[in-house]
Amino acid sequence: MAARDIHGPEAPWDDFKVVGKSHRKIDGMAKATGEAVYADDIQLPGMLHAKTLRSPHAHARILSIDTSRAEALPGVHAVITGADLSIQYGVIPWTPDETALAVDKVRFIGDEVAAVAAVDEDTANAALELIDVEYEELHAYMDPRDALERDEPQIHANRKNNNVSKHVELEFGDVEGARESADLVVNGHYEFHGSTHTAIEPHCAVARVSPEGILTLWSSTQISHYVHRALARVLEWEPQKIRVIQPCLGGAFGGKSDPFSLEFCVAKLSQITGRPVKMLWTREEVFYAHRGRHPMSLDYTTSATEDGKITGVDAKILIDGGSYSSFGLVTTYYSGQLLTGPYDFPSYRYDSTRVFTNKPPCGPKRGHGSVQPRFAFECQLDEVAEQLGIDPIEIRRKNFHGEHTKTVNGQRITSSGFMECLEKVERGSDWKARHRQLPTGQGLGVAGSMYISGTNYPIYPNDMPQAGIQLKVDRSGLVTVFSGANDIGQGSNSVVRYIVAEELGMDVEHVRVVAADSDLCPVDLGAYSSRVTFMVGNATIDAARKLRKKVVAAVAEAWEVEERRVRLIEGRVIDLEDVEHVLDTREAFEIAEARFDTLGATGSYNTPTLGGDYRGGTIGASPAYSFTAHIVEAHVDEETGRITVPKVWCAHDCGRALNPRLVAGQIEGSVYMGIAEALLEDHKVNRFGLHSGPSLLDYRIPTAIDTPEIEAYIVESLDPEGPYGAKEAGEGPLHSAIPALANAIHDAVGIRLRELPFTPAKVLAALREKREREAAGGAAAKAMDRATEVL
């Protein structure tokens, strides 16, 4: 990991005692020793086990369901169908098109039809075999172009009588004029495939309804608050009678950001049976539940001047949304809105259409909605550089949009360390000496990107805080933080611990965190859009400074000194002007409690008003953006088509690294996932809608042997609005890994791969086409020479 880059007028690092240091994660020991409690670890007295009956058809009407044989099976306590949970829901309130169990119709193979609660999983599975369902099969849409062109049958009924989920067309500046006046216009078609999250922990939910009628749900979710709201809606229960708890989570990457069928089913089954109910999905069920990366077909046109300045970008995008909306409305906007940095576009247009198909539903995966367009554009930018004879890094420098500016679509940019990111990877990879100089079959490629640190727009419109924190002080010197945030492995609980310890001058071990429990914690909107560090971090600072103010005031009054002289540091409270005045933190807390009553504080964060003044202008608007640059080294075997990646250099501007070790881990994980998507992963179904390999044996992800060496550089631009200057680090470092690899392949063997994943077969086909073009060009040149000789 490279040395930190420090910018701006903020205090030097030595002034921080906790922030900026590498501490272990708050749950690290529990996970390492096996003591961490995940959803499937929860065992309750009298607990039943539930299983789901799933559709064998991609698209069909349900004509009848007979559950009588299943209900008669010994050990079965309840069977439910869509009639028991018929109210529609959706994580986006404007597109509620899902039901916990299918009502009247199924829309993909694996769609949930019925659920059984029994004494054990074997009995529940046996009962599923006894449920009789009569279907009428319908035309199944496996190609988004088919869904776009054909109206009948509709997958979802809508006012426009088509299969379009969302269409967005926006233009900024004069794109046509830029094209007409450009010195160079480059066109290209790109295909980005689907991929899924492969979190190590499958989805699991446990529900219990108390004798008082209180529903408690433990779920492996990353959006506790939205699950709470959806349960109240679908079950028609008062929200104050519902408690949602997120136990320790074994990864998510966006795959647990929707309310899921199993959460509603266990709640309903517990209500019916009066007993706790658990449902654990198999790995195959997780693959069908999906919510992964949207496949996209992308057509891009980039206009530029002869000196390499971009004058216009034009994009037309077709998005395969799968069978339900999920976050699709946002995805459609993100596919265009998040491309306008780190480069300056004087003109920009995008036309994005998301359509329904009869495949597992797509949703948000790390870098939601913007990884696919970034691949297409960064590859095309490399083509522009090549045709103009400009170094690929230099063309990116030339078009950098700067700091404290606005993009063409109205996004406010505060800090940006993108130029430092480029410098880091350029120097680390020895780019100037090695690019276009390596032996045939070896190459270097570069790409850059930008991503949000949370979104300006909450999923449901309201004026309340997007993040809240509550602090409770104990006379022992312990501070407990109550945070509604979902820690999905990224370390958000650790971050709030570090911030409280920093602000109150405490040992981190004296700060405990209670999180993601709707009965105990303030509302937080969840772990998505890389919002947690920025928003929850700011809320934590707000609460901690309110508490510190009370402690300082009380101690200053007790010492009869001015408040400016009192400082909390390293477990003590000191007087900056009198060495005789020293207390430990516990004593200071007792003085403050005596002065102010029971000691605690709350804090919150909400974004300022952001975004362009047009429909959709707030979607993709963020209080801060992170920036990334990748250089990838690729080796291509021209005989086998096999691509290997020995090393990746990634520099990420995270504002300030609150814990450099965690930031480096996020960078490395993002690079790993990006290279995996490019070379190995492919979430696809056959022409009947059946998944090609719903297991970790068939769905390929890299092992440790397959993972490249990763050089992670942390660049710190110190954002003026982030907590201590921090921005996101969890999703941004993925984006430009994929186009950097594509560009490295071109440097290695002279082919442009525009369709993912980059398989050996595609490499060999591209090499064959290249040889044929060269042969045709050589033949044409010889013919011209002969014609010249005759003349």
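Just a few scattered comments:
- Here residue 743 passes the criteria (1) open to solvent by 10 Å² or more (accessible area, probe 1.4 Å); (2) closer than 20 Å to residue 641 by Cβ; (3) polar (S, T, N, Q) except the one numbered (1).
- Test for residue 561: is it open to solvent by less than 20 Å² (accessible area, probe 1.4 Å), more than 30 Å from residue 169 (Cα to Cα) and either over 28 Å from the mean Cα position of the chain (by Cα) or modelled with pLDDT under 95 (or both): no
- The set of residues from segment 392-436 being of a type in the set (S, T, N, Q) and either touching a helix residue (DSSP H, G or I) at 6+ places or on another chain (Cβ under 7 Å) or closer than 21 Å to residue 711 by Cα (or both) comprises 409, 416, 429.
- Test: residue 297 is touching a helix residue (DSSP H, G or I) at 6+ places or on another chain (Cβ under 7 Å), more than 30 Å from residue 75 (Cα to Cα), of a type in the set (S, T, N, Q) and surrounded by fewer than 23 Cβ atoms within 10 Å (Cβ to Cβ): no
Yes/no matrix, rows are residues, columns are (1) assigned to a strand (DSSP E or B); (2) exposed (fewer than 14 other Cβ atoms within 10 Å of the Cβ); (3) among the hydrophobic types (A, V, I, L, M, F, W, C):
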{"position": "147", "(1), (2), (3)": "no, no, yes"}
{"position": "154", "(1), (2), (3)": "no, no, no"}
{"position": "161", "(1), (2), (3)": "no, yes, no"}
{"position": "166", "(1), (2), (3)": "yes, no, no"}
{"position": "197", "(1), (2), (3)": "no, no, no"}
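- If you go through segment 103-137 and pick out every residue that is open to solvent by less than 10 Å² (accessible area, probe 1.4 Å) and of a type in the set (A, V, I, L, M), you end up with 9.
- Criterion: open to solvent by 10 Å² or more (accessible area, probe 1.4 Å) and in contact with a Leu (Cβ under 7 Å, 6 or more places away or on another chain) - qualifying residue of 275, 291: 275
- Counted residues, segment 260-312 - those being over 30 Å from residue 142 (Cα atoms), in a helix (DSSP H, G or I) and of a type outside the set (S, T, N, Q): 5
- One residue stands out in segment 330-381 among those that are open to solvent by 10 Å² or more (accessible area, probe 1.4 Å) and assigned to a helix (DSSP H, G or I): the one that is nearest to residue 197 (Cα to Cα), namely 330.
- Total residues in segment 300-326 satisfying the condition of being open to solvent by 10 Å² or more (accessible area, probe 1.4 Å) and within 17 Å of the chain's Cα centre (by Cα): the figure is 0.
- When the test is whether a residue is farther than 30 Å from residue 606 by Cβ and in contact (Cβ under 8 Å) with a residue 12 or more places away in the chain, residue 746 passes it.
- Residues located in segment 279-288, provided they are closer than 15 Å to residue 205 by Cβ and open to solvent by less than 10 Å² (accessible area, probe 1.4 Å): 279, 281
- Qualifying residue in segment 203-210 (condition: small (Gly, Ala, Ser), part of a loop (DSSP other than H, G, I, E, B) and touching a residue at least 24 places away in the same chain (Cβ under 8 Å)): no
- Among (1) part of a loop (DSSP other than H, G, I, E, B); (2) open to solvent by 10 Å² or more (accessible area, probe 1.4 Å) - the single one residue 191 does not satisfy: (1)
- Evaluating residue 506 against the criteria (1) surrounded by fewer than 17 Cβ atoms within 10 Å (Cβ to Cβ); (2) touching a strand residue (DSSP E or B) at 6+ places or on another chain (Cβ under 8 Å); (3) of a type in the set (A, V, I, L, M) leaves one unmet condition, (1).
- For segment 653-678, the set of residues classified as farther than 21 Å from residue 363 by Cβ, among the hydrophobic types (A, V, I, L, M, F, W, C) and in contact with a helix residue (DSSP H, G or I) (Cβ under 8 Å, 6 or more places away or on another chain) consists of 654, 657, 658, 662, 667, 671, 675, listed by residue number.
- Of the criteria (1) more than 25 Å from residue 363 (Cβ to Cβ); (2) buried (at least 24 other Cβ atoms within 10 Å of the Cβ), which one residue 230 fails: (1)
- Candidates 127, 230: the one that is in contact with a Lys or Arg (Cβ under 8 Å, 6 or more places away or on another chain) and assigned to a helix (DSSP H, G or I) is 127.
- Just so you know, in segment 699-732 the residues that are out of contact with any strand residue (DSSP E or B) (no Cβ under 8 Å at 6 or more places or on another chain), of a type in the set (Asp, Glu) and modelled with pLDDT of 95 or more include one that is farthest from residue 422 (Cα to Cα), and it is 721.
- Within the span defined as segment 130-138, every residue fails to be assigned to a helix (DSSP H, G or I), more than 31 Å from the chain's Cα centre (by Cα) and touching a residue at least 60 places away in the same chain (Cβ under 8 Å).
- Those strands (runs of 3 or more DSSP E) of segment 590-693 in which at least 2 residues are open to solvent by less than 10 Å² (accessible area, probe 1.4 Å) and either modelled with pLDDT under 95 or within 24 Å of residue 330 (Cα to Cα) (or both), considering only elements entirely within it, cover 625-636.
- Conditions (1) over 19 Å from the mean Cα position of the chain (by Cα); (2) touching a residue at least 40 places away in the same chain (Cβ under 8 Å): number failed by residue 597: (2)
- Selection of first residues in segment 97-111 that are under 11 Å from residue 155 (Cβ atoms) and of second residues that are surrounded by 24 or more Cβ atoms within 10 Å (Cβ to Cβ) and of a type in the set (Lys, Arg), restricted to Cβ pairs under 8 Å at least 6 apart or on distinct chains, gives the following pairs, ordered by first then second residue: 108/359.
- Selection within segment 382-401 - under 24 Å from residue 170 (Cα atoms), assigned to a loop (DSSP other than H, G, I, E, B) and open to solvent by 10 Å² or more (accessible area, probe 1.4 Å): 401
The values are calculated or read from the model by the stated rules, or taken from the named source; none is laboratory data. No experiment lies behind these values; they were computed from the predicted model shown. Reconstructed Cβ throughout: ideal geometry from the backbone, glycine too, with neighbour counts over all protein chains shown. Surface accessibility is based on the protein's heavy atoms, side chains included, excluding ligands, DNA and RNA. Shrake-Rupley method; radii C 1.70, N 1.55, O 1.52, S 1.80 Å.
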